[in-house]
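Structure, as structure tokens:
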Amino acid sequence: MEPSLEKPVFPPYLALFLGVVAVSTSAIFVKLSHAPAPIIATYRLVFSVLLTLPFLLWNRGAMAEIGKLSRKVWLLCILSGAFLASHFLLWFESLNYTSVASSTVLVTLQPLFAFIGGYFFFGERVRLLALSGGLLAIVGSFVIGWGDFRVGGMALWGDFLALLGAVTVTGYWLVGQYVRQHMSSFAYTLVVYSATSVILVAYDLVLGYPLAGYPAADWGWFFCLALFPTLLGHSIFNWIIKWLNTTTISMGILGEPIGTAILAYFILGEVVTPPQWIGGLIIIAGIYLFIRYNQPAKGVSSVEQSTTTPEKLA
């Protein structure tokens, strides 16, 4: 895959930061809802599609683009949606068995799998100092959740589900990294979110989860999940993945436990412990080292480059 030389209209790293702040709300909203995990995941995506659809009327180019997608692109988008659906199902279910801290820490260990996937699928190399920063940030994540990890029982099952959630979301980003070189952010996001919604609704129907009859408060949390961590979080990541690779985005998401811990303190009354403060500082240091010594964002250079349009995927 050739790197995109198209110049971004907004600084990708700043967008990454804003996206991480937005996704930090996800575990909080899930905890506040009392609906089954698959239902929470379903309406998070259904509402995201409903909130996105009106903008399609002002984006006729995206409508034309979606209409011309090849079979291969459709299949890749459906695969991406399957990864995203699996991620939400696994992660939300894990929150029923383990704590916010443990689940969030484990599900954000995406860089471990992103390093491997980026190497095998895209031939990416990570500089030693950048890799050291990545490993340091991962250590910080474990420091945050260490006191909260409980060995044995259902908590261990929840931790395992969260780890599987990290694997599946990495697959989602890797597919997106490839497809986004040939597809606009808006079109890709709408198609993938729609595919994810269909998969989740089918999952609910097959397993007999009722699609209605939930308290008004739950519908409010579904809407918040769609608006903040999805449209203002994942959708931003879908945009910047044209310039920042899966590994870099996964590294940025390691900052999510910090935001979640702060929000859990104010909203859920969970105490921010000294290990969480220490772990947060370690994560920040690790992310800084990774970004400082990693390759620059694709298409962002100190030397002005001409803008090119990648060929559409055949």
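The values are calculated or read from the model by the stated rules, or taken from the named source; none is laboratory data. These numbers were taken from a predicted model, which means no experiment stands behind them. FYI the Cβ positions are ideal-geometry reconstructions off the backbone, even for glycines, and counts take in every protein chain you see. All accessible areas refer to the heavy atoms of the entire protein, side chains included, with ligands and DNA or RNA removed. Shrake-Rupley method; radii C 1.70, N 1.55, O 1.52, S 1.80 Å.
A few points about this structure:
- Qualifying residues in region 140-199 (those that are outside any helix (DSSP H, G or I) and more than 19 Å from S103 (Cα to Cα)) - the one modelled with the lowest pLDDT: H182
- All conditions but one from (1) more than 30 Å from V73 (Cα to Cα); (2) surrounded by 16 or more Cβ atoms within 10 Å (Cβ to Cβ) apply to L231; the one that does not is (1).
- Scanning region 117-137 for residues that are open to solvent by 40 Å² or more (accessible area, probe 1.4 Å) and in a helix (DSSP H, G or I) returns Y119, F120, F121, F122, L128, L129, L131, S132, L135, L136.
- Any hit, region 202-213, residues being at pLDDT 95 or above and surrounded by 24 or more Cβ atoms within 10 Å (Cβ to Cβ): no
- Condition met for Y97 (in a helix (DSSP H, G or I) and touching a Phe, Trp or Tyr at 6+ places or on another chain (Cβ under 9 Å)): no
- If the condition is being among the aliphatic types (A, V, I, L, M) and either surrounded by fewer than 20 Cβ atoms within 10 Å (Cβ to Cβ) or without any contact (Cβ under 8 Å) to a residue 40 or more places away in the chain (or both), then region 9-48 contributes V9, L14, A15, L18, V21, L32.
- Residue count for region 249-270 satisfying the condition of being under 12 Å from V20 (Cα atoms) and either crowded, with 24+ Cβ neighbours inside 10 Å or in contact with a Leu (Cβ under 7 Å, 6 or more places away or on another chain) (or both): 11.
Residue-by-condition table, conditions (1) among the hydroxyl-bearing types (S, T, Y); (2) in a helix (DSSP H, G or I); (3) surrounded by fewer than 13 Cβ atoms within 10 Å (Cβ to Cβ):
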position	(1), (2), (3)
L50	no, yes, no
F55	no, yes, yes
G61	no, yes, yes
E65	no, yes, no
L69	no, no, no
V73	no, yes, no
L79	no, yes, no
F83	no, yes, no
H87	no, yes, no
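- Filter result for I278 (in contact (Cβ under 8 Å) with a residue 24 or more places away in the chain, under 17 Å from L18 (Cα atoms) and open to solvent by 10 Å² or more (accessible area, probe 1.4 Å)): no
- Lone unmet requirement of (1) more than 22 Å from W239 (Cβ to Cβ); (2) in a helix (DSSP H, G or I); (3) not charged (D, E, K, R) for A114: (1)
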